[in-house]
Amino acid sequence: MKKSITNWNNFPVVEAKEISFDFQKDLVPKLAHSSIPHGNGRCYGDASLYSDVVNTLRFDKVLAFDEHYGIITCQSGVLLSDLLQIIVPRGWFLPVTPGTKFITVGGAVASDVHGKNHHVDGAFSNHIVAMTVLTGTGETLVCNKDTNPDLFWATCGGMGLTGIILEVKFSLKRIQSAYIRQKQIKAANLDEVMELFGRNMDSTYSVAWIDCLKSGKHFGRSILMLGEHADTGETQAEHKLTPREKALFTVPFHFPSFVLNGFSVKVFNALYYAKNYKREINSVSHYDGFFYPLDSILSWNKIYGKRGFVQYQFVIPFDASREGLKNILARINKMGMGSFLAVLKLFGDQENLISFPMKGYTLALDFPIRDGLFGFLDELDQVVADYGGRIYLSKDARMKKEIFWKTYPRAREFQEILKKYDPENRFNSHLAQRLMLKV
Amino acid sequence: MEENVLILGAASDMAVAIARKFASAGYSLTLAARNVEKLEAIAADLKVRYNVAVASVKFDALDFASHEQFYHSLAERPDVVVCVFGLLGDQFEAQQHWKACEEILFTNYVGAVSILNVVANDFERQKRGTIIGISSVAGDRGRQSNYFYGSAKAGFTAYLSGLRNRLYHHGVHVVTVKPGFVKTRMIENIKTPGPITASVKKVADSVFTASKRKRDSIYVLSVWALIMLVIRFIPEAVFKRLKL
Ligand SMILES: Cc1cc2nc3c(=O)[nH]c(=O)nc-3n(C[C@H](O)[C@H](O)[C@H](O)COP(=O)(O)OP(=O)(O)OC[C@H]3O[C@@H](n4cnc5c(N)ncnc54)[C@H](O)[C@@H]3O)c2cc1C
Ligand SMILES: NC(=O)c1ccc[n+]([C@@H]2O[C@H](COP(=O)([O-])OP(=O)(O)OC[C@H]3O[C@@H](n4cnc5c(N)ncnc54)[C@H](OP(=O)(O)O)[C@@H]3O)[C@@H](O)[C@H]2O)c1
């Protein structure tokens, strides 16, 4: 049965045949000649889209949990939100989490997701003990840093192109409470926030919201947020390990896009001009609000309207960051096409095959799709590439292949590994086609 | 001691959702399926998520002769039995080949009756227990697209109401569940309208509530009560002309 599917940003929308499975043996005979795994569709683009997709959401069993050492083994379709319900009450937390808990473990591996703690804990791949992958050759192979390492490194951040990740065993982080000791610091401009990032490298979690539309001496004014897991003393004992999951409201239909900008402006201003004029605010908040502020508005993506939006996330190497960010922010500022707010984060070192992070600053911002946008983003791509940076594939729906090949220096090596584990292109996606990853 | 639920046909999505719901309320579980291998991951998952005891046993609805023995050798006597297994089958093929037709009738009706008779006798003796049967709206009126399945479910619905009538006098409760469309493997290749299609989680929540509140017969989504009311009231002279 063909149906229309799309990912979180509602662009592109494609017609696809979808199959699902809850038992590995049932899957193999059902596989189309060529298809792509599809998790919870939280990527922003065409990475999990193709004419045939394999939905993994029913493959969601948690197989083992070693509460003593904090190691969990699960099937790839389980959502991080489900895992939190299991691990938090027993004193454990995800080693790395993106800004939404509604993604699958398979998606976390395939995008090699990063969190606010990248500079101390690295990306998701850093915490994998072992995993199994159903490759294009029809074999189910175990891999990790020692066993089939080429498959392991090509699967982490490999956007589903090596095959279907089936089971993942990974290690968790010990916590004393479900709360985060949070510090918010106002920064008047870009230089100031970058200096603050540098000074707070030993904070476990750090991220900044940056106002993209200010110019002059407030160019890049931001709010930096730092966080540490709180210990028991700071929280009410009886609620100390309660996972919280309640949706505030659902956005029922596609909003016109001007609504969102108005919305985020209000939130930012409320924070920035908070009643206390203090530069620094300390508080203790539940992890759910700290990590997943947008999850409480289910389907907020519809706010952007029917045409959808793109999220533009790039990273610039550390040494070129200041100049690069200034250059790009100035362009966005001039075009006035971007969202008012963007998320800025300093990554630590990472040297993987095809994963996105590298030491430097990453900026992510939303652009509602309208005429002229893609031309503008092509220009930005060029600037990012000139500074030695790159674009996050999990957030990409439109990059040109030349930019990709220029900015992912190990792409050729990745492609060779794909040829080994998937010689007949049993796994393929619109993203892979667009970037000429599968030939 | 906590109560135990026996789930018959425990490897399906709907069964997993029902098992999770009962486990989250602290019930221990006995999972029964024809393919025990499939239960491994499901049982592990329930244990990790809810810290409850889970046993897995082989059960084939079509192996009628084994049912008595199956039930009496369970390690734990159930307090609640949920009969989930079912087979939609291929209506067209079943029109041509008796084997296919027989399998639909035997799975949905005869198999269910065979095992629930055993359960009913036990619960009647003990004067307690709850039996939940997953039937179908397809049993409310026969339609050309699935009347083998529909008539077997109609038989099952009638069986459950008779059983309820008998066991009521012995303190045993019987629930009939008519799910309507549910997003599962069974209807993966059928296009169904979103607003009248339930999730397995919704089914599980309704099943659990119905069992706690001792409801007799439920539709999972209330719009289905209305839809079926309309469908039942269409005069046969009109109904037979429709392509349903
Ligand atoms: C609000 C929001 C905030 C976000 N914040 C962050 C962030 O802070 N950091 C970050 O890194 N990302 C972030 N993301 C992006 C998101 O974490 C990734 O796109 C993630 O991969 C989505 O996972 P998914 O399960 O939804 O998979 P999908 O979006 O369906 O697929 C994503 C990719 O994973 C592959 N895949 C999925 N399952 C499997 C499998 N079993 N085997 C092989 N390949 C598979 C798909 O083929 C595809 O290439 C955010 C997204 C949203 C919506
Ligand atoms: N999906 C719907 O829209 C819908 C609507 C109304 C009612 N229902 C009813 O809901 C119940 C669950 O259906 P589902 O949608 O979850 O379908 P499903 O995925 O096809 O599940 C049916 C289950 O029944 C099991 N089964 C079939 N024959 C069996 C036998 N001889 N012995 C033991 N187990 C057997 C299957 O076992 P295997 O796993 O080994 O194949 C499978 O687990 C069924 O009774 C169905 O009729 C479904």
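Quick check: is even one residue across the stretch B:87-102 among the acidic types (Asp, Glu), touching a Gly at 6+ places or on another chain (Cβ under 9 Å) and away from ligand 1 (no atom under 16 Å from the Cβ)? No, the conditions are met nowhere in the stretch B:87-102. B:VAL177 meets the conditions (1) closer than 15 Å to B:ILE104 by Cα; (2) more than 14 Å from chain A (Cβ to nearest Cβ) in every case but one. The failed one is (1).
Can you spot a residue in the stretch B:212-234 that is in a strand (DSSP E or B), over 15 Å from B:VAL137 (Cα atoms), of a type in the set (A, V, I, L, M) and away from chain A (no Cβ under 14 Å)? Checked the stretch B:212-234: no residue is in a strand (DSSP E or B), over 15 Å from B:VAL137 (Cα atoms), of a type in the set (A, V, I, L, M) and away from chain A (no Cβ under 14 Å).
The single condition among (1) exposed (fewer than 15 other Cβ atoms within 10 Å of the Cβ); (2) part of a helix (DSSP H, G or I) that B:TYR159 does not meet is (1). Note on the stretch A:36-58: residues that are assigned to a loop (DSSP other than H, G, I, E, B) and within 14 Å of another protein chain (Cβ to nearest Cβ) amount to 3. Could you please find all residues in the stretch B:1-20 being away from chain A (no Cβ under 12 Å), within 26 Å of A:PRO243 (Cβ to Cβ) and among the aliphatic types (A, V, I, L, M)? Result: B:VAL5, B:ILE18. The single condition among (1) more than 10 Å from ligand 2 (Cβ to nearest atom); (2) away from chain A (no Cβ under 14 Å) that B:PRO193 does not meet is (2). Looking for something within 23 Å of B:LEU29 (Cβ to Cβ), more than 11 Å from ligand 2 (Cβ to nearest atom) and either within 14 Å of another protein chain (Cβ to nearest Cβ) or outside any helix (DSSP H, G or I) (or both) - is there at least one such residue anywhere in the stretch B:56-72? Yes; the residues of the stretch B:56-72 include at least one that is within 23 Å of B:LEU29 (Cβ to Cβ), more than 11 Å from ligand 2 (Cβ to nearest atom) and either within 14 Å of another protein chain (Cβ to nearest Cβ) or outside any helix (DSSP H, G or I) (or both).
Per the conditions (1) more than 14 Å from chain A (Cβ to nearest Cβ); (2) within 16 Å of ligand 2 (Cβ to nearest atom); (3) in contact with a strand residue (DSSP E or B) (Cβ under 8 Å, 6 or more places away or on another chain), the sole criterion not satisfied by B:LEU88 is (3).
Listed residues B:TYR71, B:TYR50; which is farther than 27 Å from B:GLN126 by Cα, surrounded by 15 or more Cβ atoms within 10 Å (Cβ to Cβ) and either of a type in the set (S, T, N, Q) or touching a residue at least 24 places away in the same chain (Cβ under 8 Å) (or both)? Selected residue: B:TYR50, the only one of B:TYR71, B:TYR50 that is farther than 27 Å from B:GLN126 by Cα, surrounded by 15 or more Cβ atoms within 10 Å (Cβ to Cβ) and either of a type in the set (S, T, N, Q) or touching a residue at least 24 places away in the same chain (Cβ under 8 Å) (or both). Pairs linking a residue in the stretch B:21-44 that is within 12 Å of chain A (Cβ to nearest Cβ) to a residue that is part of a helix (DSSP H, G or I) and among the β-branched types (Val, Ile, Thr), with Cβ atoms under 9 Å and 6 or more positions apart or on different chains, are B:ALA33/B:ILE42; B:ILE42/B:VAL16. Selection of the stretch A:47-100 for residues being within 16 Å of ligand 2 (Cβ to nearest atom) and hydrophobic (A, V, I, L, M, F, W, C) yields A:LEU57, A:PHE59.
Entry remark, the stretch A:5-26: residues being more than 12 Å from chain B (Cβ to nearest Cβ) and not in a loop (DSSP other than H, G, I, E, B) number 4 in total.
Here, each number is a calculation from the coordinates, and none is a lab measurement. Predicted, not measured: the structure shown is a model, and the values here were computed from it. Because the Cβ atoms are built from the backbone with ideal geometry, glycine has one as well, and the counts that use them run over all protein chains shown.
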